[in-house]
1. Where residues in segment 62-110 are under 14 Å from residue 40 (Cα atoms) and over 13 Å from the mean Cα position of the chain (by Cα), which of them is most open to solvent (accessible area, probe 1.4 Å)?
2. Can you tell which of 41, 101, 74 is under 17 Å from residue 19 (Cβ atoms) and not charged (D, E, K, R)?
3. Please verify whether segment 42-61 includes one or more residues that are within 16 Å of residue 113 (Cα to Cα) and either under 11 Å from the mean Cα position of the chain (by Cα) or among the aliphatic types (A, V, I, L, M) (or both).
4. Only one of 41, 8 is of a type in the set (Gly, Ala, Ser), touching a residue at least 40 places away in the same chain (Cβ under 8 Å) and either under 19 Å from residue 110 (Cα atoms) or open to solvent by less than 20 Å² (accessible area, probe 1.4 Å) (or both). Can you tell me which?
5. Name the single residue that is surrounded by the fewest Cβ atoms within 10 Å (Cβ to Cβ) among those in segment 11-38 being of a type in the set (A, V, I, L, M) and closer than 21 Å to residue 93 by Cβ.
Amino acid sequence: MEKVMFFAFQGEPVCFAHAMMNVLEMKSRGFECGLIIEGKAAALIEELAKESHPQHGLYQKILDGGLLEGVCQACCHQMGTLEYAKKANLPLLSDMNGHPAMGPYIEDGYRIITL
């Protein structure tokens, strides 16, 4: 089975929506996949949790499907969403100087896609 890990860096909601849609689409095809929220995308997590946000439904499907591998701890700190991430019990990733490393996923056979 193909393994793919998406690293979403872009803070624009439309770009982030495409990352989520691709994760969901690949999962429906039987891929082992997940989403890691990095960079400016970390600023979106609190807004996406609001039911009024246009991409809330997609984000909720990611969470409900167990497809959120985690969020970057350092980027959440920089983007002002670290406390929210902790309160929401989002997995914080920090194994590379506060950021999630790609190396372990590659070693585990994942293809990395960045958006």
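1. Among those residues, the one meeting the criterion is 78.
2. One residue alone meets the criteria, 41.
3. Within segment 42-61 (the criterion being within 16 Å of residue 113 (Cα to Cα) and either under 11 Å from the mean Cα position of the chain (by Cα) or among the aliphatic types (A, V, I, L, M) (or both)), the answer is no, since none of the residues qualifies.
4. On the way: 41 fails: touching a residue at least 40 places away in the same chain (Cβ under 8 Å).
None of the others qualify; the one that does is 8.
5. Start the filter on segment 11-38 by keeping residues that are of a type in the set (A, V, I, L, M), which leaves 14, 17, 19-21, 23-24, 26, 35-37.
Now drop any that are not closer than 21 Å to residue 93 by Cβ, which leaves 19-20, 23-24, 26, 35-37.
Values: 19: 23, 20: 23, 23: 27, 24: 16, 26: 18, 35: 26, 36: 24, 37: 31.
If we take residues in segment 11-38 being of a type in the set (A, V, I, L, M) and closer than 21 Å to residue 93 by Cβ, then 24 is surrounded by the fewest Cβ atoms within 10 Å (Cβ to Cβ).
The values are calculated or read from the model by the stated rules, or taken from the named source; none is laboratory data. This one's a predicted model, so the numbers in the text were calculated from it and none came from an experiment. Here the Cβ is made from the backbone with ideal geometry for all residues, glycine too, and neighbour counts use every protein chain on show. Keep in mind that these areas ignore ligands, DNA and RNA; they rest on the heavy atoms of the full protein, side chains included. Shrake-Rupley method; radii C 1.70, N 1.55, O 1.52, S 1.80 Å.
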